[in-house]
Amino acid sequence: MSNEIPSPDPRKMLGDFRQSYTNFPRLWKTEGRIPEEVKLRSAKDSPITEADLPQELWTLLKEARAASPKRSFIPVKFMNLINGRPVQVVEDEEGLPAEEHLLVLGRTLTMNTCDEARISTDILVVRVD
Amino acid sequence: MEVMQYTFDGEARTLQISEGDPNRPVVVLLHGTSGNRHDMMDPATNPDHNFDHQSPLSPDKDIGWRSYPGIGITDVGLDAKKPVRSWQDALEEHGFSTVAYDQVDPEGLLERPVRELDTVMMILIGRFRMIEPRFVLLAHSRGGLLVRSYLKTRPRTASWVSHVITLHSPHDGSRLANVANSLRDAIDTLESVAGSVVDDALGWLMNLVDTDAYRELAVNSPFLVDLRQGEAPVPGVSYFTFGGTSVRYTRIIVWHYTLGSAFPQWHWPPFFHRTTAVEMPIASPIADSLPNLTPEVSEGSGDLLTADSNCRLPFGVHTVNQVNHAEALWDRSLQSQVLRILGVMEEPNIWQ
């Protein structure tokens, strides 16, 4: 019965991702200010390229493209967080693609010394057509 | 509830008496080794083994948003406890008077508890103004041997007894004392795999097996050999014995983060922690995961402390239930079976 660690349900996980999604440009517009430590950029004005991404995410994106060569994969949002706080956000006021058109790539790195504990998290949202 | 004082061997002691229908028998509730009156009055207090090992595991728990991924195990524990109905409550519900008390020497030899039971019976005969035998001796575990020794050696007060009902009493002894070292090794091995939670679940077992009381009940011990010699059913007394064949006490539950807890969300902070419960492989459930050293600790043969085959009397009616040694203190089906013996029909609640 219950000795197995449950397998992930990918569709449900994407559903959870959509449900907890926060659009930061809209949020900060409402609040009237962008937090000081955040670099915010529009993906429409300045599209996300390989140079913006950590190597591992770019490699994963290339794998996804190679697996489905007839489909288009357009990065639409990118965020880097340090210790859970956004420091770089590339996003517009549009929401997320629908589940069938959504690809999410993530990477987390940690560093721990006596003086510092740091978690760096990168998230890339890709529209798949 | 009336608390009645009495003196035994110079010590002040008490009886807990609940008054019921005077037309019904009086049930004297006798606990086993290492027990006390709570075993029969409030088993959630003692022995406190009322694990709910049959209900589905708890649903996933939402912990909340964190700045770091949730990975790995968050907690290891045993099944939650469930509410249970004691023998005293079950009998009171149906109008029986009950008597319960803390026996002397619960971990020692039976010599003093037998004399104490004789003292208690003399008091109760006067208290309830009996004119005919109307005492039921309902005994759990070693309490059954206490009853047999008392009936054999104290015929005067024993003549007031109408029924003897023993629950999981090792009338032919228990082999646990003989395999104590092997049992300890098996539990230590399990603890090395599953951690200190095993001691929480089974530490009491080793404490029990190490007592003089348990050694006195070893198979073919001098006490048991002497008890059997010349033992005969007391005229007018009906004997009923019950045995158990389940060694399952509790599951070991591991709570760990769901895989989704390690996936970052487009949210500040980005990780939503959620935990899920699974049974620990290999070590759970306890005590199924112990090796079958003796019938006492083998599922289908024993109840962890006694083997069903050793819980019978040649002059008694025997019934087997798939319950463990502690569950004999509250199992509803068992209680219904005993109530039926005493002339009361109670349909067991299959949902409990």
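Readers should treat all values here as calculations from the given coordinates under stated rules, not as data from a laboratory. None of these values were measured; they are calculated from a predicted model. Positions of Cβ are backbone-derived with ideal geometry, glycine not excepted, and every protein chain shown enters the neighbour counts.
Values as computed for the structure displayed
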{"read-out": "Cα-centred dipole magnitude for the protein assembly as shown, charges only on beta-carbon of K, R (+1) and D, E (-1), debye, nearest 20", "value": "700 debye"}
{"read-out": "A:ARG26/A:ILE74 FRET efficiency (R0 22 Å; Cβ-Cβ; nearest 0.05)", "value": "0.60"}
{"read-out": "Partner chain coverage, peptide A:78-86 - average Cβ within 10 angstrom", "value": "4"}
{"read-out": "Square roots of five times the Cα gyration tensor eigenvalues for region A:20-129, Å", "value": "24, 20, 11"}
{"read-out": "Local electrostatic count, B:GLU299, Cβ distance below 12 Å [Lys/Arg +1, Asp/Glu -1]", "value": "-3"}
{"read-out": "Reference-scaled alpha-carbon Rg (2.2 N^0.38 Å with N residues) for region B:241-310", "value": "1.81"}
{"read-out": "Computed [θ] at 222 nm, helices only, for chain B once each DSSP H run of length n ≥ 4 contributes -39500 (n - 2.57)", "value": "-7500 deg cm²/dmol"}
{"read-out": "Viscosity 1.306 mPa s, 10 °C: Kirkwood-radius Stokes-Einstein D of the protein assembly as shown over Cα pairs, µm²/s", "value": "59 µm²/s"}
{"read-out": "Local electrostatic count at B:LYS61 - Lys and Arg +1, Asp and Glu -1, tallied over other residues with Cβ under 12 Å", "value": "-2"}
{"read-out": "Once exposed loop GluC sites (Glu not before Pro) are cut out (DSSP; at most 10 other Cβ, 10 Å), longest piece of chain A", "value": "A:38-115"}
{"read-out": "Inter-probe distance in nm under a simple model that places probes 7 Å from Cα toward Cβ, at B:ASP185 and B:ASP199", "value": "2.1 nm"}
{"read-out": "Distance between region B:20-64 and region A:12-80 - C-alpha centres, whole angstrom", "value": "57 Å"}
{"read-out": "Span from the region B:204-260 Cα centroid across to the region B:151-194 one, whole angstrom", "value": "3 Å"}
{"read-out": "For region A:24-117, with +1 on Lys and Arg beta carbons and -1 on Asp and Glu, the positive-most of A:SER72, A:PHE24, A:VAL38 along the dipole", "value": "A:SER72"}
{"read-out": "Low-density loop cleavage sites - trypsin sites (Lys or Arg not before Pro) in region A:1-95, where at most 13 other Cβ are within 10 Å (DSSP)", "value": "A:ARG33, A:LYS44, A:LYS70, A:ARG71"}
{"read-out": "Residue with peak Gaussian network fluctuation, chain B [Cα springs, cutoff 10 Å], from B:GLY143, B:GLY316, B:GLY173", "value": "B:GLY316"}
{"read-out": "For the protein assembly as shown: lysine pairs under 18 Å (alpha-carbon distance), excluding those fewer than 8 apart on one chain", "value": "8"}
{"read-out": "Stretchable slack from B:HIS94 to B:GLU132, in nm (0.36 nm times residue separation minus alpha-carbon distance)", "value": "11.6 nm"}
{"read-out": "Radius 11 Å from Cβ of A:LEU109, net charge of other residues (Lys, Arg +1; Asp, Glu -1)", "value": "0"}
{"read-out": "Length-normalised contact order of chain B in % [C-alpha pairs under 8 Å, at least 6 apart]", "value": "22 percent"}
{"read-out": "Relative contact order of region A:10-128, defined on C-alpha pairs under 8 angstrom at six or more residues apart (%)", "value": "29 percent"}
{"read-out": "Relative contact order for region B:1-160, counting Cα pairs under 8 Å that sit 6 or more residues apart, in percent", "value": "34 percent"}
